[in-house]
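This report concerns only the one structure given below.
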Number of protein chains: 4
Amino acid sequence: MDAVGTNEIGAGGQAALAMMRAKLVDLWQETLTNSRFLSHVTEGKIDHALYALYLHETYHYTRHNARNQALVGVVSAWDDPNYQQFCFRHAAEETGHEHMALHDIRSLDRDVDVEIAPPLPETSVLIAYLYWISSQGNPYQRLGYSYWAESCYEFIMPAALRIKSDLHLTDVQMTFILAHSEIDVDHARKVGEMLVSRCRKKEDWRAAEEVMETSLRLTAAMMDAVLQEYDKLRAGRSKRAVFVTRYRC
Amino acid sequence: MDAVGTNEIGAGGQAALAMMRAKLVDLWQETLTNSRFLSHVTEGKIDHALYALYLHETYHYTRHNARNQALVGVVSAWDDPNYQQFCFRHAAEETGHEHMALHDIRSLDRDVDVEIAPPLPETSVLIAYLYWISSQGNPYQRLGYSYWAESCYEFIMPAALRIKSDLHLTDVQMTFILAHSEIDVDHARKVGEMLVSRCRKKEDWRAAEEVMETSLRLTAAMMDAVLQEYDKLRAGRSKRAVFVTRYRC
Amino acid sequence: MDAVGTNEIGAGGQAALAMMRAKLVDLWQETLTNSRFLSHVTEGKIDHALYALYLHETYHYTRHNARNQALVGVVSAWDDPNYQQFCFRHAAEETGHEHMALHDIRSLDRDVDVEIAPPLPETSVLIAYLYWISSQGNPYQRLGYSYWAESCYEFIMPAALRIKSDLHLTDVQMTFILAHSEIDVDHARKVGEMLVSRCRKKEDWRAAEEVMETSLRLTAAMMDAVLQEYDKLRAGRSKRAVFVTRYRC
Amino acid sequence: MDAVGTNEIGAGGQAALAMMRAKLVDLWQETLTNSRFLSHVTEGKIDHALYALYLHETYHYTRHNARNQALVGVVSAWDDPNYQQFCFRHAAEETGHEHMALHDIRSLDRDVDVEIAPPLPETSVLIAYLYWISSQGNPYQRLGYSYWAESCYEFIMPAALRIKSDLHLTDVQMTFILAHSEIDVDHARKVGEMLVSRCRKKEDWRAAEEVMETSLRLTAAMMDAVLQEYDKLRAGRSKRAVFVTRYRC
């Protein structure tokens, strides 16, 4: 929370961004260590059902991302047309990405009928939080979410490749992660520039950093909930998204 | 309201659009005939104060246009990513256009200190209506507003040129109208295409047509309110936006 | 707009309220003189179809009143729990009143099947405006709407009684107007007290007064639109709310 | 999640409510066992600073409760005026309760200057979730939050009395918990009745149950975050709400 001392435009902003980046690296280290879901993956324990369930929840929160991004431009940024335009453009670029997640589920096995179930509570909590921080509070704080989300591929790529290899998937079956990792390189750069140019006060950086940390934690909690739900499905104790149990193990 | 009989995709959609266009031409004819403000202009009675007041109200509703356009993509279009993306892209293109209106006011006379006052009630009513039809009801109905707003230049250009000539303005002092008229040619085409591809039911066309007609009437009412307020300002019976009285007549 | 000079708490507030009241009396005088709909009534030209159509539009805006009243308490009044509570209590008292309007339509003739149609554009504009002024701007401005709406019965009672007599209605067929006129005496008093205690600045009174005037004008415009739609229905040029034509003349 | 089989009105509704109650008892058992904060209290380790910090976060989420409760009546319940009225009345009763939390902090020591800091991230997540489930999804699901919140006193009273005794507090210093425990007896009964009368489908009960469980978990997470923040404050590693460190231990 105390990454930033002063923030003179230029050197100060770059220094603040560097401290935010350092904080993010720490957070990922912690997440990669503590995530039951990611450990499961790196221990080679993932199967098609678990991967499908993960994509199912990904579908749910992703279909809100363009919307809550645009909402920032609708309700704030009254005196900052450049930022407002950034919000709308970024929203336009993120639109429909949930269909990549859906495509990837379907591509696992065309014989399995994908029936979208309601999101897990932990996924709803993530979605709720992203709308909340997009519609009130510091107008620049949602950049903290974009900052990690658009640059996450360097951290999760080892897990993604492990999934690819263990589940014998082709690139075409992993469009959500692979396509995103390319699209988002440019986004990540723009988000960094926006943070440096817009966060002029310590409170701006703090707000962005809090959103970065909280939304990453909620995403990690969602992934662990996927694993828990998978165990319940395997044990026949859940009737939610049962279609995933029809994938071959 | 009854412009459309059936709407088979293709020929039907084009026919419906043609009937909407015919309705629009009628509405403009009616507006150009009945508008006290536009008559005032074509009779050569406009001066810098009245033009500044018109731009002042234009500034107010314009600063909401990108926002209510984006709102359509935030709250509706759940199963239509192409339309959602259209909303966000269109919003990005409309962002900040209120500053053109502001620029044009300022360019009238650099010695006059422009002090933005609250909008006239009629302007607030227009703004309120645009948010309302963007946030509830038929998801495609806001296209009815875009349809006339993006193609209005052919109808109001004579009035615009009369203002230019009577007030001895250069193109640089009329960025809002002139720049818009070029930007919007492409928009108008896209809006027409979107109407044809999205309005599949009679009710869709009816909703879009109702919004077209109502928002055009509210805009005309706003222009007449500008004239009324101008008279009050001249008579010293208003304290709103008094800066406009400092322009030379 | 310039009813108020200074507003010292106590005497000043009462004086401001008295000026607002004087303004309201003027507005009603103007409305009673200019309203085509009300003239129609006082000239004895109303019939069951026209009255049903009026109640139909009344049904539409009334079902939003409790909602937009509560919205004031949701989005503003952060440091004013008394006002917030007033908003929620008032909303609770207004809830469901649209069913009185519906009841009154049905009671005209049980053999006519009432089929609710979409609201007229003028009714939508009124609804849109009430949400707008309830969700942004001066937190006390919606009191300007309540101020006239809760005290309107003294002004419209002659027209209501004329309707009652000309259409041979009983009290039970006029619950919306008659029940309201009693319920609202207490509301009107509370609204006046709230205005005096909450409007501390000239701008507060101005905002409330603008909302009073604008919402009354939009309501009058709605009534005139009812008459216009009635003429279209009679001429067979409208397919909206055709059920009203089935009432005996 | 599978508490309910069928739901015939009457016996079925009462049975469903009984199963929801049983689930709640289990959840509380789990919460009382696992909550680090509540264990801290029952082990006699609470002090004025920790209690003040707990009240500080309570202040934050409580000031949104009447608002998100009213929001349910604003955005849903279109065909259910009784439920809408329940939402507005309940909101009116909950209005301003955050001031009880504030009063209780202040009463701990009049010499300490209470400076409200931003909420902890975990508190923001709870607030965000309550707005989310109040503004979309099943219209009755927020009853699941009220159901546990209004009846929590039987479960937390032992902890509350332990705080009272260990910190030598009078009833007047514990208005939030004690006053609430009385006010809410009637609320809890009404909430139960509303659940039985409104939840007609299995999905209604499931939605209410999910909100009950999730909001209780998020509240427990908030309490544990209070303890974590307290440790950081004691260690000088937080600059948030430092006023609490000025209370005598």
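Which members of the range B:63-75 meet the condition of being open to solvent by less than 30 Å² (accessible area, probe 1.4 Å) and in contact with a Gly (Cβ under 9 Å, 6 or more places away or on another chain)?
So the first thing to find is which residues in the range B:63-75 are open to solvent by less than 30 Å² (accessible area, probe 1.4 Å), and the list is B:64-74.
Listed by number, the residues that qualify are B:Ala66, B:Arg67, B:Ala70.
Check whether at least one residue in the range B:82-96 is more than 10 Å from chain A (Cβ to nearest Cβ) and among the polar types (S, T, N, Q), and report yes or no.
Checked against the condition, which is being more than 10 Å from chain A (Cβ to nearest Cβ) and among the polar types (S, T, N, Q), the range B:82-96 yields no hits at all.
So, B:Ala92, is that one touching a Gly at 6+ places or on another chain (Cβ under 9 Å) and either open to solvent by 10 Å² or more (accessible area, probe 1.4 Å) or not β-branched (Val, Ile, Thr) (or both) or not?
yes
Can you tell me which residue among A:Ala128, A:Ala159 is closer than 23 Å to A:Leu178 by Cα, touching a Leu at 6+ places or on another chain (Cβ under 9 Å) and of a type in the set (A, V, I, L, M, F, W, C)?
On the way: A:Ala128 fails: closer than 23 Å to A:Leu178 by Cα.
Answer to the selection: A:Ala159.
Within the range A:207-229, is there a residue that is out of contact with any Pro (no Cβ under 6 Å at 6 or more places or on another chain), more than 14 Å from chain D (Cβ to nearest Cβ), assigned to a loop (DSSP other than H, G, I, E, B) and crowded, with 19+ Cβ neighbours inside 10 Å?
So far as the range A:207-229 goes, no, none of its residues is out of contact with any Pro (no Cβ under 6 Å at 6 or more places or on another chain), more than 14 Å from chain D (Cβ to nearest Cβ), assigned to a loop (DSSP other than H, G, I, E, B) and crowded, with 19+ Cβ neighbours inside 10 Å.
Scan the range B:230-239 residue by residue and report those that are in a helix (DSSP H, G or I), within 13 Å of chain C (Cβ to nearest Cβ) and surrounded by 15 or more Cβ atoms within 10 Å (Cβ to Cβ).
Listed by number, the list holds a single entry, B:Leu233.
Would you mind stating whether B:Val242 is touching a Leu at 6+ places or on another chain (Cβ under 7 Å), surrounded by fewer than 17 Cβ atoms within 10 Å (Cβ to Cβ) and within 21 Å of B:Pro119 (Cβ to Cβ)?
When the stated conditions are applied, B:Val242 passes them.
For residues in the range D:123-154 being surrounded by fewer than 19 Cβ atoms within 10 Å (Cβ to Cβ) and more than 19 Å from A:Leu218 (Cβ to Cβ), which is nearest to the other protein chains (Cβ to nearest Cβ)?
D:Tyr153
What are the residue pairs meeting all of these: first residue in the range D:154-169, first residue free of Cβ contacts under 8 Å to residues at least 24 places away in the same chain, second residue exposed (fewer than 15 other Cβ atoms within 10 Å of the Cβ) and among the charged types (D, E, K, R), Cβ atoms under 9 Å, and 6 or more apart or on different chains?
Going by the 9 Å Cβ cut-off, the qualifying pairs are D:Lys164/D:Asp171.
Against the condition open to solvent by 20 Å² or more (accessible area, probe 1.4 Å) and touching a Phe, Trp or Tyr at 6+ places or on another chain (Cβ under 7 Å), how does C:Val114 come out, does it pass?
So C:Val114 passes the test.
Return the pair list, or none, for Cβ contacts closer than 9 Å from residues in the range D:113-137 that are at positive phi to residues that are open to solvent by less than 30 Å² (accessible area, probe 1.4 Å) and in a helix (DSSP H, G or I), at least 6 apart or on different chains.
Note: pairs meeting the criteria are D:Gly137/A:Ser124; D:Gly137/D:Ala207; D:Gly137/D:Val211.
Taking B:Leu32 and the conditions (1) farther than 17 Å from B:Ile177 by Cβ; (2) of a type outside the set (Phe, Trp, Tyr); (3) surrounded by fewer than 18 Cβ atoms within 10 Å (Cβ to Cβ), which numbered condition does it fall short on, given that it satisfies the others?
Answer for B:Leu32: the failing condition is (1).
Tell me the residue from D:Leu178, D:Leu216, D:Leu233, D:Leu161 that is among the aliphatic types (A, V, I, L, M) and in contact with a Phe, Trp or Tyr (Cβ under 7 Å, 6 or more places away or on another chain), please.
Only one candidate qualifies: D:Leu216.
Considering D:Leu55, D:Leu38, which residue is closer than 30 Å to C:Gly73 by Cβ and more than 14 Å from every other protein chain (Cβ to nearest Cβ)?
Testing whether each residue is closer than 30 Å to C:Gly73 by Cβ and more than 14 Å from every other protein chain (Cβ to nearest Cβ) leaves just D:Leu55.
Do we have A:Thr58 as among the polar types (S, T, N, Q) and either open to solvent by less than 10 Å² (accessible area, probe 1.4 Å) or more than 23 Å from A:Glu209 (Cβ to Cβ) (or both) here?
On the way: among the polar types (S, T, N, Q): yes; either open to solvent by less than 10 Å² (accessible area, probe 1.4 Å) or more than 23 Å from A:Glu209 (Cβ to Cβ) (or both): yes.
So A:Thr58 fits the description; yes.
More than 14 Å from chain A (Cβ to nearest Cβ) and either closer than 30 Å to A:Gln85 by Cβ or open to solvent by less than 30 Å² (accessible area, probe 1.4 Å) (or both), is that true of B:Asp26? Steps first, please.
Values: more than 14 Å from chain A (Cβ to nearest Cβ): yes; either closer than 30 Å to A:Gln85 by Cβ or open to solvent by less than 30 Å² (accessible area, probe 1.4 Å) (or both): no.
No.
The values are calculated or read from the model by the stated rules, or taken from the named source; none is laboratory data. What you are looking at is a predicted structure, and each value in this text was computed from that prediction instead of being measured. Cβ atoms come from the backbone with ideal geometry, glycine included; neighbour counts cover every protein chain shown. Heads up: the accessible areas ignore ligands, DNA and RNA and are worked out on the full protein's heavy atoms, side chains in. Shrake-Rupley method; radii C 1.70, N 1.55, O 1.52, S 1.80 Å.
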